[in-house]
Amino acid sequence: MDCRAFLHHLIGLSDYRGQVAHVEYLPPREAIHGEVEPPLMPAVEVALRERGMLPLYSHQAAAVNALHGGANVMVATPSASGKTLCYNIPVMETLLKGTDDLALYLFPTKALAQDQLRSLSKLMPTIKAATFDGDTPTEERGWIRRSAQVVITNPDMLHLGILPHHRLWSRFFKRLRYVVVDEAHVYRGAFGSHVAQTLRRMRRLCSHYGSRPQFIACSATIANPKEHIQNLVGLPFQVVDEDGAPFPGKYFVFWNPPFLDRGRMARRSPNTEASSLFTELVVAGWRTLTFARTRRLAELIYIYTRNALRERAPELAEHIKPYRAGYLPQERRRIEQELFQGRLVGAATTSALELGVDIGQLGATVLAGYPGSVASTWQQAGRSGRGQDESLSFLIATDNPLDQYFMRHPEAFLGRSHEHALIDITNLHILKPHLLCAAHEMPLVEADSEVFGTAFHQARAELEEGGLVNRRGGRWHLSPRIFYPAREVNLRSISAQSYTILDTSQGNQVLETVEDSVAFSQIHCGAIYLHQGEAYIITRLDLSTRTAYAAPTDQPYYTQAREIVDLRIEDVLQEKKQGSVAAKMGHVMVTTTVVGFKKKHQISEEVLGDEPLDLPPQSFSTVALWFDIPPDTAKRIKDAGLDLAGGLHAAEHAAIGVLPLFALCDRRDMGGLSTLLHPDTGQPQIFIYDAYPGGIGIAEKGYHLLEELWRVTLQTVAECSCDDGCPSCVQSPKCGNNNEPLDKRAAQEILAALLGIADSPSSPPMAGAQAAGLRAKGN
């Protein structure tokens, strides 16, 4: 069955309810080839030719040529474009020349590191390459330090296990020629800001040992590849972003679950839709990956699909598997190999398979919910269609405002540039702990400001004032009361303090730790917490010892915390006139209080209960944007019998919901506040802030794109088919006030006034889909 025939098959099913909102056909593209100057070494050329990897695509040749010229290179091309050769070729050529040069490969996950080790070993078996991570046996670590030519690791191990022990790695740092940073788009937000400081510490040690390695970075397509990689590494880069790889063609389907009620307030669960599509695809012979947002949902989609297959095609039921982080390494390797070899016809997975682990050729991908960014969407969709045949990808919408915006405006997804990857190298909450790590590695000196940037002097002064570093001569030494600072820095969080989760079913064995800033929303009493895919219920939270007690559970729901927010302005960093109103960006002090939580069914999303909580408030300083409303808007809203407070609240929720359209972030990375009278401004105000201490650049990006943010927010609200507001436009799952008050019409009036539109647009009927010769009902 070909792609068009399968889509007609879906539309003809008895339970089809107009889910196809749009079908976009992406036509095939021929390869564009390039030449390397000087020509490849004979041994490398033979190895590539034997594996069908020649001639090189134009972007591969351009990257290798730029590296031959001495540049640091960033390759930003789509999934399955052969980016791996861009760094493997120069590394192989250098090592085969018999020099003492070495290479470091950095990947964000262990699975990807293992996959790349296998690929490199098959390509050039004579090269001594090894992974160095938490799974590396102790007896092998000495050999790796002494003998490996290519060390493959992850940023966490570099930070915790290599840099603090650099004297043991002196041979490696002295001879380091290449540093590969793969999947660079993953290093964004708090994680990316930590990785940026880790790479600066590594560069500092390389300089100490007399090496100046070249950096080779690869990324999915993002809006700011040059800016991002230069912020991440701290060096100038040349960008290669013209893709020369062939493309076999793809049908990309926007799939919107049908409404369940006449009021058009609730839709069928995207997870149910994903399971149905997964089943239909596998039965029709399509090898399929289905992506879910969480580990638990991946498992549930697998279970529902397996059960459906046992009814319809029993011979296929045991040929699908779930795949996620948390499995033992050997389990993950087995599933990867079964996919690669064709023994499995499909898998339900988290984003663990989004990155470039080689699992062979697939015919279809199903995305259960917008992954949070255009870049991740294309990464996941790109896992199908790696052979010669056309492929299928389904993007299933949730009730999130951004998902629904794309269902109504597929051209906004298909035609827009990718989001900006954002990090903040000046965030003192991140920089100061890394300066302590750097001081542990070797004393700080004045020249380190060239490595760590403009915030270095302030951060060092605050550390010295706190007695954490001591000046002796022109050097700053780590305080003797600090033993191993790297152990106190978690690259995945900003908070220095954390809570410990204990498993009461295993004699209070430690499960994991949770950073302070999100602890109350994730591990409050009654919370369902996922650890390595298994569900636990938090039975007690001890604030005095910062300990949560958890027990395994098979409850069919997950929990969602509700919080209320207070916010005070600390200072103004930038301000401007945007249309007829003032807009500002600056530091704010945010105080959040988790006041309760909802129990929501895993598959249907039905709210099963709403429980109150009594927890103390938490405060942190961050960066926010805020703006006024036009002076006559309040009167117009009052005269129309609408609710100004509800309109501000609804506009705030909707704006937060669509801001991820412009920055690589998640709705949970932001918070907001709306008020009729803010004590610091004396007038109605809407605030949007970064939900991380010190900020990570999201509010700043929103500030610079404010008019576009208002425009898309207005479209999202005005075009939603509900009457009074719903999760697809103005309701927020985090709202501590139970989404009250909300006034959808007042929000439209406010947003229209901000944009200088005399009358807010009415809500047009949702358009049906017509593309690639297929017509489907809208919903």
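Quick one: in segment 557-599, which of the residues that are surrounded by 16 or more Cβ atoms within 10 Å (Cβ to Cβ) and hydroxyl-bearing (S, T, Y) is nearest to E700 (Cα to Cα)?
Within segment 557-599, the match that is nearest to E700 (Cα to Cα) is T592.
Here are T559, T592, T539: which of them is of a type in the set (S, T, Y), in a strand (DSSP E or B) and at pLDDT 95 or above?
On the way: T559 fails: at pLDDT 95 or above; T592 fails: at pLDDT 95 or above.
Selected residue: T539, the only one of T559, T592, T539 that is of a type in the set (S, T, Y), in a strand (DSSP E or B) and at pLDDT 95 or above.
Within segment 36-72, which residues are touching a residue at least 24 places away in the same chain (Cβ under 8 Å) and either in contact with a Lys or Arg (Cβ under 6 Å, 6 or more places away or on another chain) or exposed (fewer than 15 other Cβ atoms within 10 Å of the Cβ) (or both)? Walk me through how you get there before you give the answer.
We begin by selecting, within segment 36-72, every residue touching a residue at least 24 places away in the same chain (Cβ under 8 Å); these are 36-38, 40-41, 43-44, 47-48, 51, 53, 56-68, 70-72.
Residues satisfying the conditions are E37, P38, A43, R51, H68, G70.
Kindly provide the set of residues from segment 446-457 that are over 28 Å from A220 (Cβ atoms) and surrounded by 18 or more Cβ atoms within 10 Å (Cβ to Cβ), ordered by number. So that I can check it myself, show each step before the final result.
Let us first name the residues in segment 446-457 that are over 28 Å from A220 (Cβ atoms), namely 446-450, 454-457.
D448, A455, F456, listed by residue number.
Kindly provide the set of residues from segment 424-445 that are part of a loop (DSSP other than H, G, I, E, B) and surrounded by fewer than 24 Cβ atoms within 10 Å (Cβ to Cβ), ordered by number.
Narrowing segment 424-445 to residues part of a loop (DSSP other than H, G, I, E, B): 424-427, 442-443.
Those that are part of a loop (DSSP other than H, G, I, E, B) and surrounded by fewer than 24 Cβ atoms within 10 Å (Cβ to Cβ): I425, T426, M442, P443.
Criterion first (without any contact (Cβ under 8 Å) to a residue 24 or more places away in the chain and polar (S, T, N, Q)) does N470 satisfy it?
Values: without any contact (Cβ under 8 Å) to a residue 24 or more places away in the chain: yes; polar (S, T, N, Q): yes.
Judged against the criteria, N470 is a match.
Is it true that some residue in segment 349-358 is in contact (Cβ under 8 Å) with a residue 60 or more places away in the chain, open to solvent by less than 10 Å² (accessible area, probe 1.4 Å), in a loop (DSSP other than H, G, I, E, B) and of a type in the set (S, T, Y)? Please lay out each step first, then the result.
First, the residues of segment 349-358 that are in contact (Cβ under 8 Å) with a residue 60 or more places away in the chain: 349, 351-358.
With the extra rule that they be open to solvent by less than 10 Å² (accessible area, probe 1.4 Å), the set shrinks to 349, 353, 357.
Subset that is in a loop (DSSP other than H, G, I, E, B): 357.
From what's left, of a type in the set (S, T, Y): none.
No - not one qualifying residue is present in segment 349-358.
Go over the candidates E611, E570 one by one and state the one that is of a type in the set (D, E), more than 26 Å from the chain's Cα centre (by Cα), over 30 Å from I537 (Cα atoms) and in a strand (DSSP E or B). Please lay out each step first, then the result.
On the way: E611 fails: over 30 Å from I537 (Cα atoms).
Criteria check complete, one pass: E570.
Within segment 105-131, track down each residue that is in contact with a Leu (Cβ under 6 Å, 6 or more places away or on another chain), over 25 Å from P39 (Cβ atoms) and of a type outside the set (S, T, N, Q). Even if it seems obvious, please write down each step before you answer.
Within segment 105-131, the first condition is being in contact with a Leu (Cβ under 6 Å, 6 or more places away or on another chain), and the residues that meet it are 112, 127, 129, 131.
So of that shortlist, the ones also over 25 Å from P39 (Cβ atoms) come out as 112, 131.
The answer is L112, and nothing else.
Cβ contacts < 8 Å: first residue among the acidic types (D, E), restricted to segment 240-257; second residue open to solvent by 10 Å² or more (accessible area, probe 1.4 Å), any location; separation 6+ or different chain. Result?
Short answer, once both residue conditions are applied: D241/T221; D241/P225; E242/S58; E242/A62; D243/Y57; D243/P78.
Which ones in segment 380-402 are within 17 Å of the chain's Cα centre (by Cα), under 30 Å from K734 (Cα atoms) and open to solvent by 10 Å² or more (accessible area, probe 1.4 Å)?
Hits for segment 380-402 are Q380, N400.
Assess whether A624 counts as being among the hydrophobic types (A, V, I, L, M, F, W, C), open to solvent by less than 30 Å² (accessible area, probe 1.4 Å) and out of contact with any Gly (no Cβ under 9 Å at 6 or more places or on another chain). Reasoning before the result, please.
Numbers: among the hydrophobic types (A, V, I, L, M, F, W, C): yes; open to solvent by less than 30 Å² (accessible area, probe 1.4 Å): yes; out of contact with any Gly (no Cβ under 9 Å at 6 or more places or on another chain): no.
No; evaluated as a whole, the condition is false for this residue.
Which of the residues that make up segment 715-753 are aliphatic (A, V, I, L, M) and open to solvent by less than 10 Å² (accessible area, probe 1.4 Å)?
Across segment 715-753, the qualifying residues are V717, A718, V730, A746, A747, I750, L751, A752.
Those residues that are farther than 15 Å from A5 by Cα and touching a Gly at 6+ places or on another chain (Cβ under 8 Å), I need them from segment 257-281; list them, please.
Selection gives P258, P270, F278.
For segment 92-119, how many residues meet the condition of being within 29 Å of the chain's Cα centre (by Cα), modelled with pLDDT of 90 or more and within 19 Å of Y57 (Cα to Cα)?
Looking only at that region, the number is 0.
Checking S479 against (1) of a type in the set (G, A, S); (2) farther than 24 Å from D690 by Cβ; (3) under 32 Å from the mean Cα position of the chain (by Cα), which test does it fail?
(3)
The values are calculated or read from the model by the stated rules, or taken from the named source; none is laboratory data. For clarity, every value in this text was computed on a predicted model and none was experimentally measured. With ideal geometry, Cβ positions are generated from the backbone for all residues, glycine too; neighbour counts draw on all protein chains shown. For the accessible areas, the whole protein counts, side chains as well, though only heavy atoms, and no ligand, DNA or RNA atoms are used. Shrake-Rupley method; radii C 1.70, N 1.55, O 1.52, S 1.80 Å.
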